[in-house]
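Down below is the structure, laid out as C-alpha cells.
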Amino acid sequence: MPIMKSLRHTLREKRRAISATDRESFAKALLVQIQKIAEFQSGQKIAIYLPNDGEIDTKYLEVFLKKQAYDVYLPILDGKSLKFAEVGKNFKKNQFGIDEPVSTQILKAEQLDIIFMPLVGFDQNKNRIGMGGGFYDRTLAFKQQQSSNAPKLYGLAFDCQKTEKLDVKDWDVPLDAIITPSSIYQ
C-alpha cells in the first residue's frame with residue numbers, strides 16, 4: 001500500500017474510533033477554538049460541512065453562525081470540484097451519501113469569506129490531506145494564483161489526526177489555519 005494511502009487509512013480509523021461522548025465534547029471545544037481565531041464580521045458568507053466518515057462535527061459552529069445571522073453554506077459536488085449551496089430546509093444525498101442543500105443560492109468558493117473544511121490528516125505546517133478525491137484542492141486552486149486573502153481557509157480536525165510531516169504536492173492548497181479541540185496551528 002503506498003505511504004499516503006496507508007496514512008490516510010490509519011488516520012481515518014483513528015477518527016472513527018473516537019467515542020460518541022468524546023465527539024460531543026470535542027465538537028463543543030472546537031467552537032471555542034474557532035471563536036479565538038476566526039474574524040467573523042456581519043454579512044459574511046461562511047461554508048461549513050456536514051460530518052462524514054468520523055469527521056469532527058460542525059453542529060455547534062452552525063448553531064453559533066445561524067444565531068449571529070451569518071449566511072451558512074455547504075459544499076455540493078460540481079463535477080470534480082465543489083460549489084457551495086446555502087443551507088436551507090431541503091437536502092438530497094450526493095454520490096458519496098452526503099446531504100447537500102437543494103433549491104438554495106449557489107456560490108463559487110471565490111464568493112465566500114470563510115471556508116471551514118474537513119480533513120483526514122494534517123501537520124504543524126498547516127498542510128492537509130483529505131479523502132483523496134482532490135475536490136477541495138481543485139475548487140481552491142485559484143488561491144495559488146492570487147494574492148487575495150478571501151476566502152480564509154480553516155481545516156477542522158481532532159487532535160489525533162495530526163501527523164509528523166506531510167508530503168506536499170504542487171496542487172495542495174495551503175490553509176490559513178488548522179483548528180482542533182485543543183490547538184490552533186497558524
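Answer yes if at least one residue in segment 47-63 is among the charged types (D, E, K, R), over 27 Å from Leu166 (Cα atoms) and without any contact (Cβ under 8 Å) to a residue 60 or more places away in the chain, and no otherwise.
yes
From the list Arg23, Arg8, pick out the single residue that is of a type in the set (Lys, Arg) and either assigned to a loop (DSSP other than H, G, I, E, B) or without any contact (Cβ under 8 Å) to a residue 40 or more places away in the chain (or both).
Being of a type in the set (Lys, Arg) and either assigned to a loop (DSSP other than H, G, I, E, B) or without any contact (Cβ under 8 Å) to a residue 40 or more places away in the chain (or both) holds for just one of Arg23, Arg8, which is Arg23.
Write out, first by first residue and then by second, each pair whose Cβ atoms fall under 9 Å of each other, whose residues are 6+ apart or on separate chains, and whose first residue, in segment 122-144, is touching a residue at least 24 places away in the same chain (Cβ under 8 Å) and loosely packed, with under 15 Cβ neighbours inside 10 Å while the second is assigned to a helix (DSSP H, G or I) and of a type in the set (A, V, I, L, M, F, W, C).
Gly132/Met4; Phe142/Ala109
Cβ-Cβ under 6 Å, sequence separation 6+ or interchain: first residue in segment 166-184 and closer than 10 Å to Arg128 by Cβ, partner assigned to a loop (DSSP other than H, G, I, E, B) and small (Gly, Ala, Ser). Which pairs?
From segment 166-184, no pairs qualify.
Modelled with pLDDT of 95 or more, β-branched (Val, Ile, Thr) and closer than 28 Å to Ala29 by Cβ: which single residue out of Ile56, Ile76 fits that description?
Ile56
Please work out if Ala17 is more than 14 Å from Phe158 (Cα to Cα) and either among the basic types (Lys, Arg) or loosely packed, with under 14 Cβ neighbours inside 10 Å (or both).
No.
Just wondering, is there one or more residues in segment 23-42 that are of a type in the set (Ser, Thr, Tyr), at pLDDT 95 or above and under 17 Å from the mean Cα position of the chain (by Cα)?
Among the residues of segment 23-42, not one is of a type in the set (Ser, Thr, Tyr), at pLDDT 95 or above and under 17 Å from the mean Cα position of the chain (by Cα), which makes the answer no.
Of all residues in segment 76-93, which are over 17 Å from the mean Cα position of the chain (by Cα) and under 14 Å from Tyr49 (Cα atoms)?
Once the filter is applied, which keeps residues that are over 17 Å from the mean Cα position of the chain (by Cα) and under 14 Å from Tyr49 (Cα atoms), segment 76-93 yields Gly88, Phe91, Lys93.
The values are calculated or read from the model by the stated rules, or taken from the named source; none is laboratory data. These numbers were taken from a predicted model, which means no experiment stands behind them. Every residue, glycine among them, receives a Cβ derived from its backbone with ideal geometry; neighbour counts consider all protein chains shown.
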